[in-house]
Amino acid sequence: SMPQLMPGQLLAVSRGITCHDTRDPLGIVTCIVPFNFPAMVPMWTCPIALTAGNCVILKPSEKVPLTMNRISQLLKEAGLPDGVFQIVNGSVPTVNALVDHPDVKAVTFVGSSKVAEIVAKRCRAINKRVLALGGAKNHLVALPDCDAEMCARDIVASFAGCAGQRCMAASVLLLVGDTGDLLD
């Protein structure tokens, strides 16, 4: 958990030699998130950036801006100081402005592979820290003792839900042992 990770540590590496591990805030971190998981994906990056002592500017998808507005209200009610977590709405020009701004020290992006590559290249060109995740898919594993009917329903729901427009869509099914009922 973050409380155990953030304080840093002291490690005696040799007699009379100690390494001191500290966590220093970067400043402002921008998180750019997709439409299909408007609450889950920001929870991958925003809490870590905040607990590391950074301010966060979140750019939600213009298709679903209200989810994170509500979470922003809850953060304020929980006592997060004004300005520590902000939301900026917009499309490509907004993303470019956030990435290019000299006060933004790091950028996280989750979305399509094409846009992840564009964001990553833009950040690298100005020597900015970036985590750009795109086009991920999940793999499924079915073991011999699985309930074939339930498993088949879950497999179809995985790749067909949201018309497959999500990183959670399974693109590979690994059958282990005698699981022939799933192929019938």
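Observations on the structure shown:
- Pairwise centroid distance, computed over Cα atoms, of region 7-61 with region 111-128, Å: 19
- 5 angstrom amide H check on VAL104, placed H, neighbours 5+ away: none
- Dipole-positive endmost among GLY134, ALA157, ILE57 within region 37-184 (Cβ charges, Cα centre): ILE57
- Restricting the calculation to Cα atoms, every distinct pair contributes to the Kirkwood radius of region 103-184, found to be 15.0 Å.
- Reciprocal of mean inverse Cα separation for the chain (Kirkwood radius, Å): 19.2
- Straight-line reach from LYS128: taking Cα to Cα under 24 Å and skipping same-chain neighbours fewer than 8 places apart, the lysines in range are LYS59, LYS105, LYS114.
- In a reduced charge model with +1 at each Lys and Arg Cβ and -1 at each Asp and Glu Cβ, region 73-184 shows a dipole moment near 1000 debye about its Cα centre.
- Accessible area per residue for the chain is 62 Å², calculated with a 1.4 Å probe on protein heavy atoms, without ligands, DNA or RNA.
- For LEU131, the residues whose modelled amide H falls within less than 5 Å of its own, excluding neighbours fewer than 5 places apart on the same chain, are VAL107, THR108, PHE109.
- Carbon and sulfur %, accessible surface of the chain computed with the full protein complex present, 1.4 Å: 60
The values are calculated or read from the model by the stated rules, or taken from the named source; none is laboratory data. Just so you know, these numbers come straight off a predicted model, no measurement behind them. Cβ sites come from the backbone with ideal geometry, for glycine too, and all protein chains shown count toward neighbours. When the accessible area is computed, the model is the full protein with side chains, heavy atoms only, and any ligands, DNA or RNA have been set aside. Shrake-Rupley method; radii C 1.70, N 1.55, O 1.52, S 1.80 Å.
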